[in-house]
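First comes the structure, then the notes that go with it.
The values are calculated or read from the model by the stated rules, or taken from the named source; none is laboratory data. Quantities reported herein were computed from a predicted structural model and do not represent experimental measurements. Using ideal geometry, Cβ is built from the backbone for each residue, glycine included, and neighbour counts are taken over all protein chains shown. Surface accessibility is based on the protein's heavy atoms, side chains included, excluding ligands, DNA and RNA. Shrake-Rupley method; radii C 1.70, N 1.55, O 1.52, S 1.80 Å.
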Amino acid sequence: MRYRGAPYNRMIVQESFDTDAMHPLSRIQQRFRDALQGMAADVEPYVAMVKPAQDARHGDYQANCAMSLAKTLGKKPRDIAQQIVGKLDLGDLLQAPEIAGPGFINLRLRDDWIAARLRDMAADERLGVAAAQAPRTIVIDFSSPNVAKPMHVGHLRSTIIGDALARLFRFLGHRVIADNHLGDWGTQFGMLLHAFKNFRDEQALKSDPVREMLRLYLKVRELMRAAEVDEDDAGPSARTYSADEIAQARQVADAARTETARLHAGDAENVALWEQFMPWCLEEIDRIYRRLDVRFDHTHGESFYNPMLDGVVRDLLDKKIAEESQGAIAIFLDPERKQPPALVRKKDGAFTYTTSDLATIRYRADTWQPDAMLYVVDARQALHFKNLFTAARKWGYDKVALEHVSFGSVLGEDRKPLKTREGGAVELGSLIEEAVARAGQMYEQIRAERIERGDEVPELTAEERKQIEEAVGIGAVKYADLCQNRATDYVFSWSKMLAMTGNTATYMQYAYARNRSIFRKGDVDVSRFRASPPPVVVAHPAERALAMELLRLEETLHSAAAEYQPSDITNYLWNLSKSYSSFFDKCPVLKADTPELRDSRLLLCDLTARTIQQCLGLLGIRTIEMM
RNA sequence: GGGGCUGUAGCUCAGUUGGACAGAGCAGCGGAUUUCUAAUCCGCCGGUCGGGGGUUCGAAUCCCUCCAGCCCUGCCA
């Protein structure tokens, strides 16, 4: 299969999807590949024109290659279509194709073939998704917060998208190295050092150092706000400041800068304090990661690379890749020198993040020999990564695929960068708390409505209820983010996110819970449907629609991986869950007309549940058995 | 000045890299429950795909141009 206009280096990762796929589309394309032999020098572009039908009335899949092939051959499209169909080995796979309109070939899978594949899928732990035959090693760089300050909403997308990609590639059989490139060496530590030396509360430090670190950071940030030094977090000033306040803020900012410089210069006291602070800072971010169920294989922050920076610059100079310019050391990437160069050492002798990122590339390439390094970072850094990758390739790292997996900003409902009412960044901890609390309220409300209506409502323990709140609240936050195309800015909206209807995590979780309820109610042991799946009957249109969605799992995961696009998975989940809800409504399972039909439908249910659980799991979202 | 991203229904967004009459959700309107969880299902309403030009049998998609918004652009990361 060809993937959409992928740049050459990306194929390093993607070509592994070509050979392993066994999903229906891939098999149909293989039949077309054979049938098209001899009709064109390179048949692949035409094979790629076989795709899922956009409209169910045109079948399951459609081939659009006859029209363009007819043009190059100077023949009539419908004749070419006829010719292709004549050579096509349909085998047991497809019903008789239909030629429609100008020369579309409409394809419909045979129901008995679908039924057989569903049984295969049920018997397979991986739900028919082949593990890569040639696993790639992929470093994924994501989240990367500055550790001295609270994680805020700006870290959300990177963390969630990066984690989803790590889970996806791992499931597809690749070797994934999730690496959290912490900002643990920057100016925020100067702020913390200044605050610690001047404002620390010994008592608080003893009893709860993590909280005290947080308080100190927030205090110094507040003091500096008038100078707009940490603008990124504090936001535009919510009010105007007096001359005194501005003077004081500048003084504090200067002091913080001095502390940072001393730390970087190796000042013994500051380095010792930094070593003391780090575990406390890490504990704070780990708390968030535990809550979000996000894991890393490595946490190599900027400080880890700091000792290598001098050597990197020397090597760049030795190899004539970098040169002195206006007192700084620069890499000119534009041969005409019209574009600004990337600086690897400032005129004051300090290194830049380009230096640190180059050191990182060297370390990762030497240590893990990866096929690809993915950087899940906000789109505003596109230029930096473009320059970084160009510099890295000049430096000799031209075999590894370097990819900036970029994404848009998180905006408030006013379409401006999301801020609290006070103008600061929304902290991730409080955002999670609010999501969980809102999920709890929502649950109570719906429960009350159901009781009012006389519905049967499951009796839950406090612990089970807590599980629902966590899964629904955090799932809502993650899903809302992942379901959007990465490229566009993302408008953060509680009401949309926690909506009970539409393309939300809750809808999938609910579909899953209702599904599991059938097995409880019927006292059905699911293991039978996995160990020796019963025959499947594809009769009702809702059954067939559901079956078709189930068979698209592998195709979906390959596309999501090839495009680094978790929203492909959420779109799939939405279609699958909709098909399931419709099936649930129209096709009685436990009270099906015959035992055979009941078994067949139970198998469809179990497969759906497993597929939903698998897909949500790849997005880092939990399912709940009862809600 | 240069570069990037975005513009599709009242709102939020899909749109499988050039295919069939442009699709969802929300909102609005109207239906469905003696049957497995109604956090559900079914239907209706709603579009100058930012404007204009071009390529093509065929364009939301490719090319040109203009408009609007956001972002980046040598010593912050």
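For (1) acidic (Asp, Glu); (2) away from RNA strand B (no atom under 16 Å from the Cβ), each residue gets a yes or a no:
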| position | (1), (2) |
| --- | --- |
| A:PHE104 | no, no |
| A:ALA122 | no, yes |
| A:HIS152 | no, no |
| A:ASP184 | yes, no |
### Summary
(1) open to solvent by 50 Å² or more (accessible area, probe 1.4 Å); (2) more than 8 Å from RNA strand B (Cβ to nearest atom); (3) among the β-branched types (Val, Ile, Thr) all hold for A:VAL526 apart from (1)
### Message
Considering only residues that are open to solvent by 30 Å² or more (accessible area, probe 1.4 Å) and under 20 Å from A:SER559 (Cβ atoms), which ones fall in the range A:32-49?
### Response
A:ARG33, A:GLU44, A:PRO45, A:TYR46, A:ALA48, A:MET49
#### Entry: Number of positions in the range A:139-182 that are under 12 Å from the mean Cα position of the chain (by Cα) and among the β-branched types (Val, Ile, Thr)
4
### Task
Output the residue which, of all residues in the range A:220-245 that are surrounded by fewer than 16 Cβ atoms within 10 Å (Cβ to Cβ) and in contact with a helix residue (DSSP H, G or I) (Cβ under 6 Å, 6 or more places away or on another chain), is modelled with the lowest pLDDT.
A:TYR241
### Query
Of all residues in the range A:352-369, how many are open to solvent by 60 Å² or more (accessible area, probe 1.4 Å) and near RNA strand B (Cβ under 8 Å from one of its atoms)?
1
## Note on the structure
With criteria (1) at pLDDT below 90; (2) open to solvent by 20 Å² or more (accessible area, probe 1.4 Å); (3) touching a strand residue (DSSP E or B) at 6+ places or on another chain (Cβ under 6 Å), A:PRO135 comes up short on (1)
### Subset of the range A:375-399 that is assigned to a strand (DSSP E or B) and in contact with a His (Cβ under 8 Å, 6 or more places away or on another chain) - its residue that is nearest to A:GLY311 (Cα to Cα)
A:TYR375
### Query
Looking at A:LYS478, A:LYS466, which is the one that is of a type in the set (Lys, Arg), open to solvent by 50 Å² or more (accessible area, probe 1.4 Å) and outside the structural domain of A:PRO145 (by TED's automatic domain parsing)?
A:LYS466
### Task
Would you please list the contacts, defined by Cβ atoms under 6 Å and residues six or more apart or on different chains, that run from a residue in the range A:403-416 that is surrounded by 15 or more Cβ atoms within 10 Å (Cβ to Cβ) to a residue that is part of a loop (DSSP other than H, G, I, E, B) and among the basic types (Lys, Arg)?
A:PHE407/A:ARG486
### Task
Quick one: A:THR611 ticks every box in (1) crowded, with 20+ Cβ neighbours inside 10 Å; (2) within 11 Å of RNA strand B (Cβ to nearest atom); (3) of a type in the set (S, T, N, Q) except a single one, so which number is it?
(2)
### Query
Out of the range A:246-263, which residues are β-branched (Val, Ile, Thr) and modelled with pLDDT of 80 or more?
A:VAL252, A:THR258, A:THR260
## Note on the structure
Just one listed residue, out of A:GLU444, A:GLU456, is surrounded by fewer than 13 Cβ atoms within 10 Å (Cβ to Cβ), within 13 Å of RNA strand B (Cβ to nearest atom) and in a helix (DSSP H, G or I), and it is A:GLU444
### Query
Does the range A:370-383 hold any residues that are within 13 Å of RNA strand B (Cβ to nearest atom) and open to solvent by 20 Å² or more (accessible area, probe 1.4 Å), and which are they?
A:VAL377, A:ASP378, A:ALA379, A:ARG380, A:GLN381, A:ALA382, A:LEU383
### Message
Considering only residues that are near RNA strand B (Cβ under 6 Å from one of its atoms), farther than 16 Å from A:GLU549 by Cα and part of a loop (DSSP other than H, G, I, E, B), which ones fall in the range A:49-73?
### Response
A:ASN64
#### Entry: Residues within the range A:560-598 that are free of Cβ contacts under 8 Å to residues at least 24 places away in the same chain and under 14 Å from the mean Cα position of the chain (by Cα), tallied
1
